[in-house]
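A.B. asks: Dumping the structure here so I can ask a few things about it.
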Amino acid sequence: MIKPSPPAPYFNRSNKIRAFVLGCDPTAFDKEGKPIEFMTVFGLDKDNRYFSAIEPNLNELGLSKHCVYIQNLIPDFLDFETSKNKNWEIVAKLHIQDRLLEFDHFDPDRRLPVFLTSEIIYKVLLNDGEIRKRAKELYKSEYEIIIPGNKNKLFRKLIPLYRHPAYSLKKQLRYKDLILKLKPFDVPTP
């Protein structure tokens, strides 16, 4: 079966990018098991359905989809959804360098943070030898809200902003306040 072209990243060319949002991959299926094709990441060219758990978190931080650059770690459609794909981490590692170069194109000084929409992305991006923490630990931490660039393969600040309902910033008020206090997306322009 021939796979469709990867969806384009989503960003508003007329707005300043304040952060990156990184999803897993575009793979999704309808109720009959047929692949759903997107023209842009998360299907943002048509509707917000696949971004509906992420956008409220951005809004809680005073951001919107119009001031962030949205992309998937794996831009290509795969045979299985992320949670059912036994090879996802192997394939994801092959795309890290591409995301690094892509983000560097827009932010060569690596000042802007990357919001991670899923725990599996965090696991793949964390440098070898770094202690991996579960989502609950990350969200309860007082000190490791932001994973510094020297601890990950994108060499940028990483911030878990998981789309799972348990990690909605409307429920995770302390975590939200810590992010806002650190202001990682309000960086000076060189």
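The values are calculated or read from the model by the stated rules, or taken from the named source; none is laboratory data. Being a predicted model, the structure only gives us computed values, none of them experimental. Don't worry about glycine lacking a Cβ; one is built from the backbone with ideal geometry, like all the others, and counts go over all protein chains shown. Just so you know, the surface numbers come from the protein's heavy atoms only, side chains and all, with ligands and any DNA or RNA stripped out. Shrake-Rupley method; radii C 1.70, N 1.55, O 1.52, S 1.80 Å.
A.B. asks: Output the number of the condition that Q97 fails; it satisfies all remaining conditions of (1) part of a loop (DSSP other than H, G, I, E, B); (2) open to solvent by 50 Å² or more (accessible area, probe 1.4 Å).
C.D. replies: (1)
A.B. asks: Let me ask you something else. Across the range 133-153, what is the number of residues that are under 18 Å from S168 (Cβ atoms), free of Cβ contacts under 8 Å to residues at least 12 places away in the same chain and buried (at least 17 other Cβ atoms within 10 Å of the Cβ)?
C.D. replies: 0
A.B. asks: So, one more: Would you please name the residue that is nearest to G23 (Cα to Cα), looking only at residues in the range 159-179 that are hydrophobic (A, V, I, L, M, F, W, C) and either at pLDDT 95 or above or exposed (fewer than 15 other Cβ atoms within 10 Å of the Cβ) (or both)? I'd like the intermediate steps shown before the answer.
C.D. replies: Here is the first cut: in the range 159-179, the ones hydrophobic (A, V, I, L, M, F, W, C) are 159, 161, 166, 169, 173, 178-179.
Okay, now just the ones that are also either at pLDDT 95 or above or exposed (fewer than 15 other Cβ atoms within 10 Å of the Cβ) (or both), so 159, 161, 166, 169, 173.
Numbers: I159: 13, L161: 10, A166: 17, L169: 17, L173: 23 Å.
In this case the residue turns out to be L161.
A.B. asks: What number of residues in the range 71-81 are open to solvent by 30 Å² or more (accessible area, probe 1.4 Å) and touching a residue at least 60 places away in the same chain (Cβ under 8 Å)?
C.D. replies: 1
A.B. asks: Does I121 satisfy being hydrophobic (A, V, I, L, M, F, W, C), modelled with pLDDT of 95 or more and touching a Cys at 6+ places or on another chain (Cβ under 7 Å)? Steps first, answer last, please.
C.D. replies: Details: hydrophobic (A, V, I, L, M, F, W, C): yes; modelled with pLDDT of 95 or more: yes; touching a Cys at 6+ places or on another chain (Cβ under 7 Å): yes.
Criteria met by I121.
A.B. asks: Looking at the range 22-59 only, could you name the residues that are open to solvent by 20 Å² or more (accessible area, probe 1.4 Å), among the aliphatic types (A, V, I, L, M), modelled with pLDDT of 90 or more and over 14 Å from L161 (Cβ atoms)?
C.D. replies: Hit for the range 22-59 is M39, nothing else.
A.B. asks: Can you name the helices (runs of 4 or more DSSP H) wholly within the range 114-190 that have at least 1 residues being in contact with a Pro (Cβ under 8 Å, 6 or more places away or on another chain) and of a type in the set (G, A, S)?
C.D. replies: On the way: elements: 119-125, 135-140, 173-182.
Those helices (runs of 4 or more DSSP H) span 135-140.
A.B. asks: Checking the condition surrounded by 18 or more Cβ atoms within 10 Å (Cβ to Cβ), touching a strand residue (DSSP E or B) at 6+ places or on another chain (Cβ under 6 Å), closer than 15 Å to Y162 by Cβ and not acidic (D, E), which residue from V68, V114, V124 passes?
C.D. replies: Numbers: V68 fails: closer than 15 Å to Y162 by Cβ; V124 fails: touching a strand residue (DSSP E or B) at 6+ places or on another chain (Cβ under 6 Å).
Testing whether each residue is surrounded by 18 or more Cβ atoms within 10 Å (Cβ to Cβ), touching a strand residue (DSSP E or B) at 6+ places or on another chain (Cβ under 6 Å), closer than 15 Å to Y162 by Cβ and not acidic (D, E) leaves just V114.
A.B. asks: Okay, moving on. One residue is enough: does the range 82-92 have a residue meeting the conditions open to solvent by 20 Å² or more (accessible area, probe 1.4 Å), without any contact (Cβ under 8 Å) to a residue 60 or more places away in the chain and under 24 Å from N150 (Cβ atoms)?
C.D. replies: The answer is yes, given that some residue of the range 82-92 is open to solvent by 20 Å² or more (accessible area, probe 1.4 Å), without any contact (Cβ under 8 Å) to a residue 60 or more places away in the chain and under 24 Å from N150 (Cβ atoms).
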